[in-house]
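What follows draws every value from the coordinates through simple rules; no lab data is involved. Values in this document were obtained by computation on a predicted structure and should not be read as measured data. Neighbour counts are summed over all protein chains in view; Cβ atoms, including those assigned to glycine, are modelled from backbone coordinates with ideal geometry.
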């Protein structure tokens, strides 16, 4: 069997999607006519298989995790949220906002007041029927100065949430926001029963119910027999095993211990592609790696020092060496180059030791020493990135003292707590989602503690602006401010690279928002 016939065989078995088949066979040099003939057969439909167990081996878990969606920080917890809960709105694989628990939504002409019509006859795992009061509670619990949530920036623009009968929720904003449905898809804003806070016994409306949960180690979920969503949740059970070490994770997939893994090391991905038992899928997306600098306390309050550090990193070398082509250089702002609001006129910041020295002199120093905390928890290539950065920065008179932290507890103990560390972000569907969570003053996950009145005003104006040309101007200025003044070094945008066993998993497709099929692998995939 040649490679084209093999790919056609996978298509007929439902183990590759139509999109994957077209991409792979075109890369083999197959003609459009040949591809079209194969696709014209009814067998390409990729029909789901019911039953079995999906076994995920994932990096990005910690013993500080919880089933409380308010505090989800990394990949394992986010996937477990989508396994257990639903949201008002879902982001599909093309970054589009589509209804989930909301049946539809309607804004006022100024986008200040939004009416969300809810689905009827949706049950929580405990048998309670979901209604508007559950949705109101689920949003309100993130609001207010005392809310313990990472979604404070997302809900900061909400003035009031109220029920209008049992199946309509009215959200009134402090100012217009044309992107509100996208914000309601934020994974922290999961819908739970009115008054619920027993996270050890999680209850949602999602595709699977928690049978066993051990934070940072493993969890098992069984199918919700009353799941309301057609064509989803195919497996009888889903298992998550936390494997933070990239080498161990790849070995678990190769040996068949697990069926799906995330975060395949870019250095080994081409080697793994040679294994005919495995399928490796990379998705260009908005994922980016960051080196956040604390802008309000410690040694990096001086913007000149931050600019020196930004010019002292060799982005192209990192992309070529560590990403093996599965990514592209970043420019110290979080908007990916395929986003409609990306400012393509902004010059790409390059490695320039002399320019870095200039900014050191502007800060009144000749040689500068600072600790950089790193860990594989930050992203798979974080330790190697830190070492390459350390070497490149020496030419600028910057001494980086590397502090390697364990993966477990990194997000609770290091991130947000030290002057200079490493982090990563999944893509977001709109600039407002990214900025609201991580860049506006007081946002819970503002990892650099950057605070600019001008920036916040630009974000507010852009939210309410319906003229696309003017909106693009506002976002371009916002990108410029973060690029020049902000505390984040963003050296790379990295593709998501997941792997799965061809004989055991079907339904996999690329997702332009998050890894693991938008962190919805439990719902969208099936066991073969």
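Here is how the numbers come out for the structure above:
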read-out	value
Span from the the stretch 270-292 Cα centroid across to the the stretch 463-528 one, whole angstrom	14 Å
The stretch 417-528: relative contact order in percent, alpha carbon pairs under 8 Å with at least 6 residues between	19 percent
Paramagnetic label zone (point 7 Å from Cα along Cα-to-C-beta, residue 160; backbone N under 14 Å) in the stretch 173-195	173-175
Order of 273, 220 under a 10 Å beta carbon neighbour criterion, fewest first	273, 220
Mean-position separation - Cα centroids, the stretch 50-76 and the stretch 158-214, in angstrom	19 Å
Theoretical gain in end-to-end length, residue 371 to residue 146 [0.36 nm per residue, Cα-Cα removed]	77.8 nm
Bridge type composition, the chain - antiparallel percent by DSSP, nearest 5	75 percent
Residue 199 paired with residue 230, simple spin-label distance in nm, labels 7 Å along Cα-to-beta-carbon	3.6 nm
Where the Cα pairs of the stretch 86-199 fall when distances are cut into 10 Å bins, in %	14, 50, 32, 4
Viscosity 1.567 mPa s, 4 °C: Kirkwood-radius Stokes-Einstein D of the stretch 283-345 over Cα pairs, µm²/s	96 µm²/s
Volume per residue of the C-alpha convex hull in the stretch 57-99, rounded to whole Å³	91 Å³
Pairwise FRET efficiency - residue 344 versus residue 106, Cβ, R0 = 35 Å, nearest 0.05	0.55
Theoretical ellipticity at 222 nm over the chain - DSSP helices of four or more residues, -39500 (n - 2.57) apiece, nearest 500	-8500 deg cm²/dmol
Mean separation of Cα contacts under 8 Å (6+ apart) over length of the stretch 86-199, as relative contact order %	33 percent
Relative contact order (%) - the chain, alpha-carbon pairs under 8 angstrom, separation at least six	22 percent
Proxy reagent accessibility, fewest Cβ within 10 Å first, across 11, 91	11, 91
Kirkwood hydrodynamic radius of the stretch 288-494, Cα pairs, Å	17.2 Å
Cα-projected label distance for residue 468 with residue 277, points at 7 Å along beta-carbon direction, nm	4.9 nm
Cα gyration tensor category, rounded, prolate or oblate, for the stretch 372-528 with a/c compared to 1.5	oblate
Fewest-first sequence of 268, 369 by Cβ atoms within 10 Å of each Cβ	369, 268
